[in-house]
Amino acid sequence: MKTSFIKNIIVKNIYKIAKSIKSILFPLSLPSPEDLFPNTEKLYPIHPETVATPEVKQMHLARCLDAIHSDHYTVPPIHTVHLSKVIYAPRYGRIYTESGKPINTRINKAIHLYSFKSNKILDFITKANIDFTDTSHFVSRTEISQSKKIPGVCSTIMLIGRLENNQPGKGTLNHYHTLIDRVPRLYLLNQPAYENIDEIKLLYPIEPSTKERFFIERLAPKNVKISVVENLDSIYLIDKLIYPTLMSNQDCGYLPSAYVEYFRDKVLPKRESKKVNRIFISRSKAKKRKIINEDELFEALKPYGFKKYFLEDMPLESEIELFYDADYVVGSFGAGLTNIIFADQTKVLEIFPNHYAYTHYYYLSKSLKHTYGYYHGIEEKHSVATREEMTGNVDFQVDVRVNVSEVIERLLELENQHQLRCSLG
């Protein structure tokens, strides 16, 4: 009886408990390269860029997005930083000083695990199945003394996150993170200062996927060569590291115009977009965020020329061709919407599973000059988290039911919005 009572209290307050634990374990920042290497060289190939985002003020955002709840967005200071004699832990995607201090290699204020306060808290995290994927691994002096040296010039575009069973951690290699967080950093290696370097080793903890190789071949300069480490669990001493920062802030898919132009030139078909495809992205095969009445919604969309697509079954090249010719894209919040990066000034309607909005694809649409709209569905299972307690997309795991007539109405509004944009130039 007592065990059941305690369990119910924990379940009811799990988000508050997790938030408290996270505040203890995760400080707001780690030392930056500038803090640890005050004389390090940096190159800034991306010019400052600010864009108006008045629509954000109309969105009902979770509290964790308050930092970008503004009527304008400014691209962060994107750059490469040159580091010497640093430690690389491939399993965790972490960079350390030669003495073992972890380096914050992000440009935004992400939350990181900095120090362990209590083994009991860590045990609780494990038993409660709370997933903190963005954790540090601390290297010991013994590990550093046994580190293997990697000579020459290296770089990495891997995200921080533990590899489990020699596979990427949850979310670190999904379609969104690949196209928004990782491969754009290859652009930063295309600088005159690096042209005369014979070889830049692009460090990988495991063999890159076919998708990753596709983009590396097209976006990386010719002197960048994939280099898979010999042992995932070894610690490596890197002689020289060119570290490219992320191009976008957390929960924000905005990509700088210089990169968008470069990406389109290197990846997209060499022809005009036909703008004939009206795409409905199905999540019926997904484990979460499915539209319960998807069939009903699709039947209502069919008279408007929409076709249903299961993107998980499509080769990457087919996805590129499909979205390059997109006229409309309708889909639930999820990685499939990342494919609007291949489209040419299309119309995007994003369906959220509850009354909160996330801004990943709003900002991506803004950078691509798409016409963006959104609709809030009705979640099938009530979530216990409030706006103040939401610190991630944990509230977005539920399935959703939509009011079909309201979605169609929102779609027609989006068409009018697009026509108005076109008339104003």
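Identify, please: which residue in segment 377-414 is modelled with pLDDT of 70 or more and in a loop (DSSP other than H, G, I, E, B) and is, among those, nearest to the chain's Cα centre (by Cα)? Taking the candidates together, the pick is Asp399. The residue that is surrounded by the fewest Cβ atoms within 10 Å (Cβ to Cβ), among those in segment 233-274 that are of a type in the set (A, V, I, L, M) and in contact with a strand residue (DSSP E or B) (Cβ under 8 Å, 6 or more places away or on another chain), is Leu237. State whether the residues of segment 365-372 include one that is within 24 Å of Lys290 (Cβ to Cβ), modelled with pLDDT of 95 or more and crowded, with 20+ Cβ neighbours inside 10 Å. Yes.
For segment 287-298, the candidate set comprises residues that are under 13 Å from Val402 (Cα atoms) and either touching a helix residue (DSSP H, G or I) at 6+ places or on another chain (Cβ under 9 Å) or not in a helix (DSSP H, G or I) (or both); within that set, the residue that is modelled with the lowest pLDDT is Arg289. In segment 363-377, the residues that are assigned by TED's automatic domain parsing to the domain that holds Thr338 reach residues that are among the acidic types (Asp, Glu) and not in a loop (DSSP other than H, G, I, E, B) with C-beta atoms within less than 8 angstrom, at least six apart or across chains, in these pairs: Tyr372/Glu55; Tyr372/Glu350; Gly373/Glu350; Gly373/Glu413; Tyr374/Glu350; Tyr375/Glu350; Tyr375/Glu406. Within segment 273-286, the set of residues being assigned to a loop (DSSP other than H, G, I, E, B), of a type outside the set (A, V, I, L, M) and at negative phi comprises Ser273, Lys274, Ser282, Arg283, Ser284, Lys285. Checking Phe306, Phe310, Phe323, Phe280 one by one, the residue that is free of Cβ contacts under 8 Å to residues at least 40 places away in the same chain, crowded, with 16+ Cβ neighbours inside 10 Å and either more than 22 Å from Arg182 (Cα to Cα) or over 19 Å from the mean Cα position of the chain (by Cα) (or both) is Phe306 and no other. It is to be established whether one or more residues within segment 312-322 are modelled with pLDDT under 95 and of a type in the set (Asp, Glu). So far as segment 312-322 goes, yes, one or more of its residues are modelled with pLDDT under 95 and of a type in the set (Asp, Glu).
The values are calculated or read from the model by the stated rules, or taken from the named source; none is laboratory data. Values in this document were obtained by computation on a predicted structure and should not be read as measured data. Cβ sites come from the backbone with ideal geometry, for glycine too, and all protein chains shown count toward neighbours.
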